[in-house]
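K.L.:
First the structure, then my questions, so here it is.
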Ligand code: CMP
């Protein structure tokens, strides 16, 4: 087992419906510690940069429009195997395929408005954490 850090976003569909605390409770109950957190309004430029890997996908415009539609909460999560653990707690990208008890099964609206983002690898977690947080903001 390895202590890891991963990056999380509570997306606009969740902040809009006042589900920030409910999502955080799932993460903490799942064994992850929140060691950095801030509520921010993404700019179009910042959202496009974050999702640049998806820029050729047909849903890219819709994804960016959604991510800037309301505030988001960006977080750093720490715990044993945090990258995989967070993905288990979130459930599948498409809520129709997510397991019972996961964040996306309980809260997501559809594959686009799916309540949370989580890093898909340790390498991307580091990149994504550094995209939003400086060292002084991460207090493990
Ligand atoms: P996320 O983990 O934030 O990474 C990319 C996002 O693109 C993904 O979650 C989904 O919310 C979104 N996405 C993936 N596939 C589709 C799709 N077919 N239509 C709309 N959005 C999608």
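K.L.:
Taking region 97-132 only, how many residues are in a loop (DSSP other than H, G, I, E, B) and more than 14 Å from the chain's Cα centre (by Cα)?
P.N.:
From region 97-132, those in a loop (DSSP other than H, G, I, E, B) are 98-102, 108-115, 119-121; that's our starting set.
Filter again for more than 14 Å from the chain's Cα centre (by Cα), leaving 98-101, 109-110.
So the answer is 6.
K.L.:
Only one of these conditions is not met by residue 62: (1) over 27 Å from residue 35 (Cα atoms); (2) surrounded by 19 or more Cβ atoms within 10 Å (Cβ to Cβ). Which number is it?
P.N.:
With (1) over 27 Å from residue 35 (Cα atoms); (2) surrounded by 19 or more Cβ atoms within 10 Å (Cβ to Cβ) applied to residue 62, the lone miss is (2).
K.L.:
In region 81-96, what residues are near the ligand (Cβ under 9 Å from one of its atoms) and more than 16 Å from residue 8 (Cα to Cα)?
P.N.:
We begin by selecting, within region 81-96, every residue near the ligand (Cβ under 9 Å from one of its atoms); these are 90, 93-94.
94 - this is the single residue of region 81-96 that is near the ligand (Cβ under 9 Å from one of its atoms) and more than 16 Å from residue 8 (Cα to Cα).
K.L.:
Next question. Does residue 132 count as in contact with a helix residue (DSSP H, G or I) (Cβ under 9 Å, 6 or more places away or on another chain) and closer than 16 Å to residue 47 by Cα?
P.N.:
Values: in contact with a helix residue (DSSP H, G or I) (Cβ under 9 Å, 6 or more places away or on another chain): yes; closer than 16 Å to residue 47 by Cα: yes.
When the stated conditions are applied, residue 132 passes them.
K.L.:
What single numbered condition from (1) part of a strand (DSSP E or B); (2) more than 16 Å from the ligand (Cβ to nearest atom); (3) in contact with a helix residue (DSSP H, G or I) (Cβ under 9 Å, 6 or more places away or on another chain) fails to hold for residue 78?
P.N.:
If we test residue 78 against (1) part of a strand (DSSP E or B); (2) more than 16 Å from the ligand (Cβ to nearest atom); (3) in contact with a helix residue (DSSP H, G or I) (Cβ under 9 Å, 6 or more places away or on another chain), just (3) comes out false.
K.L.:
Filter region 3-61 for residues that are within 14 Å of the ligand (Cβ to nearest atom), outside any helix (DSSP H, G or I) and free of Cβ contacts under 8 Å to residues at least 60 places away in the same chain and give the result.
P.N.:
Scanning region 3-61 gives 42, 51, 55, 56, 57, 58, 59.
K.L.:
So which residues in region 97-128 are under 18 Å from residue 46 (Cα atoms), more than 10 Å from the ligand (Cβ to nearest atom) and surrounded by 21 or more Cβ atoms within 10 Å (Cβ to Cβ)?
P.N.:
Within region 97-128, 125, 128 meet the criteria.
K.L.:
While we're here: In region 82-96, which residue that is over 14 Å from residue 23 (Cα atoms) and under 12 Å from the mean Cα position of the chain (by Cα) is surrounded by the fewest Cβ atoms within 10 Å (Cβ to Cβ)? Full working, then the answer.
P.N.:
Going residue by residue through region 82-96, those that are over 14 Å from residue 23 (Cα atoms) are 82-85, 92-96.
Within this subset, residues satisfying the condition of being under 12 Å from the mean Cα position of the chain (by Cα) are 83, 93.
Values: 83: 21, 93: 16.
The qualifying residue surrounded by the fewest Cβ atoms within 10 Å (Cβ to Cβ) is 93.
K.L.:
Looking only at region 107-140, how many residues end up being under 18 Å from residue 26 (Cβ atoms) and without any contact (Cβ under 8 Å) to a residue 40 or more places away in the chain? Let's see the steps before the verdict.
P.N.:
Going through region 107-140, the residues under 18 Å from residue 26 (Cβ atoms) turn out to be 107-109, 113-119.
If we keep only those that are without any contact (Cβ under 8 Å) to a residue 40 or more places away in the chain as well, we get none.
Number of matching residues: 0.
Laboratory data are not the source of any read-out in this text; all were calculated from the coordinates shown. Just so you know, these numbers come straight off a predicted model, no measurement behind them. Methodologically, a virtual Cβ is constructed for each residue, glycine included, from the backbone with ideal geometry; neighbour enumeration extends over all protein chains shown.
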